[in-house]
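The values are calculated or read from the model by the stated rules, or taken from the named source; none is laboratory data. What you are looking at is a predicted structure, and each value in this text was computed from that prediction instead of being measured. For neighbour counting, all protein chains shown are included, and Cβ atoms are generated from backbone atoms with ideal geometry for every residue, glycine included. Quick note on the areas: whole protein, heavy atoms, side chains included, nothing else; ligands and nucleic acids left out. Shrake-Rupley method; radii C 1.70, N 1.55, O 1.52, S 1.80 Å.
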Amino acid sequence: MFERELAATAAAMVAPGKGILAIDESSGTIKKRFDTIGVESNVENRRAYRDLLITPEGLGQYISGMILYDETIKQATTSGTPFPAALQKAGILTGIKVDAGAKDLATATGEQVTEGLDGLRERLAEYKKLGATFAKWRAVINIGKEIPSDYCIHVNVHALARYAALCQEAGIVPIVEPEVIMDGAHTVERCFDVTEHTLHALFHELHRQRVTAEHLVLKASMVISGKSCPQQAGVQQVADATVQCLKRTVPSAVPGIVFLSGGQSDELATAHLNAMNAGNADLPWPLSFSYGRALQAPALKVWKGQPGNVAAAQKALFQRAKLNSAACFGRYKPEMEKEAAAA
Ligand code: 13P
């Protein structure tokens, strides 16, 4: 029913040189971020911080869309413009996180399943009225001794597909996000196997539930060494492994793939994306970013909750977005970090 609208939104989300900014931290997660800078997490501070991220002049050159949280999509800028309207004016699409978070999976120690399907059709209709054109659902796949189980992968991709089908029915492009978590001592090879298995299961299930590949965006985790693995794969190895894994599993009909940063430093997340794009001119899909922490970290540090720091924090976000845009073309160089800092 919404074919043309869905195709246009998906194309805009992964337009050349543009990526997505995730500012959809739940109340629990944003409190953790604010704790690192000594700022209280209350409604007004959360609004002020999201205002800072939404309103930098010219950010739409590099950012195609922002993923908001339920509280945020109903808030407004300091001058009273609802956030979705402010984004639209800046040429940026409004997205919305619609899952209700990952909960412990019954009888499966160390594994989780993402909840939030109840009432989702009605919530999507409400978000669409508020201006959302795309949505996000994140599944969590942990790596450990004998996990992930097939049970965990199955229930998570099943929920992702149910969510994606409801989104497409509503004319909203689903970002489908199966995050293979970086925590642990596993090797890059183990991450490859788990990611490959998960993505195969995901696209099989999406097909089974009549989800149209052309009308979704995949948000993938990179194939990377576990955070505490003694042998850390280098930038080129991560780029090669990630591209190989995606080529094996993601249909070429998918309009684009964006990455989460997942706890990588901001500079490393940019370097990885750049290496993938620099070495691969012939991929079937654009590879871009949908970072939360790796885009926000410098801005959060500069802001510290002080209104007087807003302009400097916005500049920090703008620079990070610009460098990641360069990485979408394979044109990023580490020296650009110094130039950006001096600017
Ligand atoms: P990070 O880039 O901080 O991993 O967050 C992206 C995101 O939206 C995870 O769902």
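Taking the residues in region 301-343 that are at pLDDT below 95 and over 28 Å from residue 279 (Cα atoms) as candidates, determine which candidate is surrounded by the most Cβ atoms within 10 Å (Cβ to Cβ). Step by step, filter region 301-343, then rank; the result is 343. Within region 175-183, not a single residue is surrounded by 17 or more Cβ atoms within 10 Å (Cβ to Cβ) and away from the ligand (no atom under 15 Å from the Cβ).
Out of 8, 90, 76, 86, one residue alone is free of Cβ contacts under 8 Å to residues at least 40 places away in the same chain and exposed (fewer than 14 other Cβ atoms within 10 Å of the Cβ). It is 8.
Among the residues of region 250-268 satisfying the criterion of being more than 14 Å from residue 20 (Cα to Cα) and not in a loop (DSSP other than H, G, I, E, B), which is least open to solvent (accessible area, probe 1.4 Å)? By that ranking, first place goes to 266.
Does residue 194 satisfy the condition of being modelled with pLDDT of 95 or more, of a type outside the set (D, E, K, R), assigned to a helix (DSSP H, G or I) and crowded, with 20+ Cβ neighbours inside 10 Å?
Against the criterion (modelled with pLDDT of 95 or more, of a type outside the set (D, E, K, R), assigned to a helix (DSSP H, G or I) and crowded, with 20+ Cβ neighbours inside 10 Å), residue 194 qualifies.
Residue 38 falls short on exactly one of the conditions (1) small (Gly, Ala, Ser); (2) at positive phi; (3) in contact with a helix residue (DSSP H, G or I) (Cβ under 7 Å, 6 or more places away or on another chain), and that condition is (3). Taken as a whole, region 279-300 holds at least one residue that is surrounded by 15 or more Cβ atoms within 10 Å (Cβ to Cβ), within 16 Å of the ligand (Cβ to nearest atom) and assigned to a loop (DSSP other than H, G, I, E, B). Among the residues of region 262-277, those identified as closer than 18 Å to residue 62 by Cβ and either of a type in the set (A, V, I, L, M, F, W, C) or within 8 Å of the ligand (Cβ to nearest atom) (or both) are 269, 271, 273, 276. Scanning region 66-84 for residues that are assigned to a loop (DSSP other than H, G, I, E, B) and either on the phi > 0 side of the Ramachandran plot or away from the ligand (no atom under 16 Å from the Cβ) (or both) returns 74, 75, 77, 78, 79, 80, 81. Whether any residue in region 117-130 is within 15 Å of the ligand (Cβ to nearest atom) and at pLDDT 95 or above is what I want to check. No, region 117-130 contains no residue that is within 15 Å of the ligand (Cβ to nearest atom) and at pLDDT 95 or above. Against the list (1) open to solvent by 30 Å² or more (accessible area, probe 1.4 Å); (2) closer than 22 Å to residue 52 by Cα, the condition residue 132 fails is (1).
A quick yes/no check of all residues on (1) open to solvent by 30 Å² or more (accessible area, probe 1.4 Å); (2) more than 18 Å from residue 294 (Cβ to Cβ); (3) touching a strand residue (DSSP E or B) at 6+ places or on another chain (Cβ under 6 Å):
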residue: 3; (1), (2), (3): yes, yes, no
residue: 14; (1), (2), (3): no, no, yes
residue: 19; (1), (2), (3): no, no, yes
residue: 26; (1), (2), (3): yes, yes, no
residue: 35; (1), (2), (3): yes, yes, no
residue: 42; (1), (2), (3): yes, yes, no
residue: 49; (1), (2), (3): no, no, no
residue: 56; (1), (2), (3): no, no, no
residue: 63; (1), (2), (3): no, no, yes
